[in-house]
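The values are calculated or read from the model by the stated rules, or taken from the named source; none is laboratory data. Bear in mind that the values here come from a model prediction, so they are computed numbers and not experimental data. Cβ: placed from backbone, ideal geometry, glycine included. Neighbour counts: every protein chain shown.
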C-alpha cells in the first residue's frame, strides 16, 4: 500500500521521517502543491535537515550515519529516502485536485492543518478534507482536531476522533472515512486522565482542569505584527521569541470525543505558549470525592496508579519517571504520549460542607426538615499531576504513525 501525505510542514515532515524509518508502506506520495526553492534538490535538503531533531541520517542511525537520500529524479519528482521511494507532487493545493487516484493512493494523512471541518463539501473551491475522498482516497487522517465552523452542524457520522492506545477500538472501517488524530495536547492529556478514570471511575471525579505550557507553533508570529482583519486573539500577533503568550486550546472538547466519560465531568483547559521549539508540559488538576478524611487519597497512591498503568495497559505510550526532568530531556523520546513527573505529584484532602437548603432549594424542604442535620460533609481530594510531552515528534507523530498503520491494516 502507498501512503499519501498532504503538506510538508512540521508534522508533515516528521510524518515522512516516521514512515521512512518504519518502512511499512511500499511508497510514499507527498503533496506539496507548489514548487519549492530553485530546484528539486532543495526539497531533499529540507527533508534531510531539521532545526529541532537534527540530521535525518543521524536520527535514523546515530553517529555512524551516512547520507540516506539518493537517486533524485526531478522530472518524475521522486527520490529514495533510506531505500523508500518518495514522490513529490507540486501542482495542486485543493485536496479535490490532488492526483491520489492516479498515484494509487488509498490512505492520506492531511498535515496542513487547514482542512479541519468535515462538514464542508468536497468540491469547495477553498478546499475540504472530503476533497481527498473525491480525488480517490478511501480514508483520510487529519493531524488536528476537527473544527466545525457552523455551530449549528454536528460532526458527520463518517467521522471519528482517535488517540491510538486509548480508543482505536471504536473505529469502524465500513463507517468511518475521515479520522481526526486529535492533537498533541489531547494525546498527552488522554494518557494522563484515563488511568485515573479507570481506577476511581468517572462518578467520583467531580471536576478537572489543565494548563498546557506549550512550545511555539507556526501559527504564531516571529516578530510583532499588525493583527489581521477580524483577528480576535491579539497575542498571536506578538513575537514568540521573547514572550509568554496566553492562548486557548480545544483539548477539552477533543478529549470528550476520545474519552466519552469526560462529558459527565466538569473540565476546563487553558494554554500558555512559551518560546521553545518543542517540549511541552501539562499540569492536570483533578478533584476526587474521597472515601474518608482519615484514609484519604495520597501522593503514593496516585503515583502507584500511574506506575501500574505504565507497566500494563498503557505500557507502550505512558511513562512514569521519578527523575528530575526538564523539557529538553523528553524531546524525541520514543513513543512517549505522556511522561508523568512523579516527583511533582501533589494531593490535598479537605472537607466540603454542603448546605442542603441551598443545594436542594424548596424541592425537598420538608425532607430536609425531617433530618437531624441540614448540612453534610464530603471529603474531597485535589490531585495535581505533571505530564511532559514532545508535542511534535515523539508524543504526537509517532502515535499518529501507529494509528495510520492500524487504519491501513484494516484496509487490506
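Checking 380, 368 one by one, the residue that is at pLDDT below 90, over 19 Å from the mean Cα position of the chain (by Cα) and in the same structural domain as residue 210 (by TED's automatic domain parsing) is 368 and no other. Kindly indicate whether any position in the range 36-50 is surrounded by 20 or more Cβ atoms within 10 Å (Cβ to Cβ) and in contact with a helix residue (DSSP H, G or I) (Cβ under 7 Å, 6 or more places away or on another chain). Within the range 36-50 (the criterion being surrounded by 20 or more Cβ atoms within 10 Å (Cβ to Cβ) and in contact with a helix residue (DSSP H, G or I) (Cβ under 7 Å, 6 or more places away or on another chain)), the answer is yes, since at least one residue qualifies. If you scan the range 1-57, which residues turn out to be assigned to a strand (DSSP E or B) and closer than 21 Å to residue 99 by Cβ? Of everything in the range 1-57, those that are assigned to a strand (DSSP E or B) and closer than 21 Å to residue 99 by Cβ turn out to be 2, 3, 4, 5, 6, 27, 28, 29, 30, 31. Could you grab me the full set of residues in the range 251-305 that are touching a strand residue (DSSP E or B) at 6+ places or on another chain (Cβ under 7 Å), closer than 30 Å to residue 50 by Cβ and in a loop (DSSP other than H, G, I, E, B)? Across the range 251-305, the qualifying residues are 276, 277, 278, 279. I need the full set of residues from the range 204-243 which are free of Cβ contacts under 8 Å to residues at least 40 places away in the same chain and outside any loop (DSSP other than H, G, I, E, B), in order please. Once the filter is applied, which keeps residues that are free of Cβ contacts under 8 Å to residues at least 40 places away in the same chain and outside any loop (DSSP other than H, G, I, E, B), the range 204-243 yields 221, 234, 235, 236, 237, 239. Take the residues of the range 142-165 that are in contact with a helix residue (DSSP H, G or I) (Cβ under 6 Å, 6 or more places away or on another chain) and buried (at least 22 other Cβ atoms within 10 Å of the Cβ): which is nearest to residue 335 (Cα to Cα)? So, considering only residues that are in contact with a helix residue (DSSP H, G or I) (Cβ under 6 Å, 6 or more places away or on another chain) and buried (at least 22 other Cβ atoms within 10 Å of the Cβ), the one nearest to residue 335 (Cα to Cα) is 164. Residue 177: within 30 Å of residue 106 (Cβ to Cβ) and crowded, with 18+ Cβ neighbours inside 10 Å, yes or no? Taking the combined requirement at face value, the residue satisfies it. Considering the range 78-93, the residues that are touching a helix residue (DSSP H, G or I) at 6+ places or on another chain (Cβ under 9 Å), surrounded by 15 or more Cβ atoms within 10 Å (Cβ to Cβ) and touching a residue at least 60 places away in the same chain (Cβ under 8 Å) include one that is farthest from residue 56 (Cα to Cα), namely 89.
The residues of the range 384-408 that are touching a helix residue (DSSP H, G or I) at 6+ places or on another chain (Cβ under 7 Å), surrounded by fewer than 24 Cβ atoms within 10 Å (Cβ to Cβ) and not in a helix (DSSP H, G or I) amount to a single one, 386. Of the residues making up the range 229-238, one or more are within 17 Å of residue 113 (Cα to Cα) and either touching a strand residue (DSSP E or B) at 6+ places or on another chain (Cβ under 8 Å) or loosely packed, with under 11 Cβ neighbours inside 10 Å (or both). Of all the criteria given as (1) under 29 Å from residue 41 (Cα atoms); (2) not in a helix (DSSP H, G or I), the one not satisfied by residue 102 is (2).
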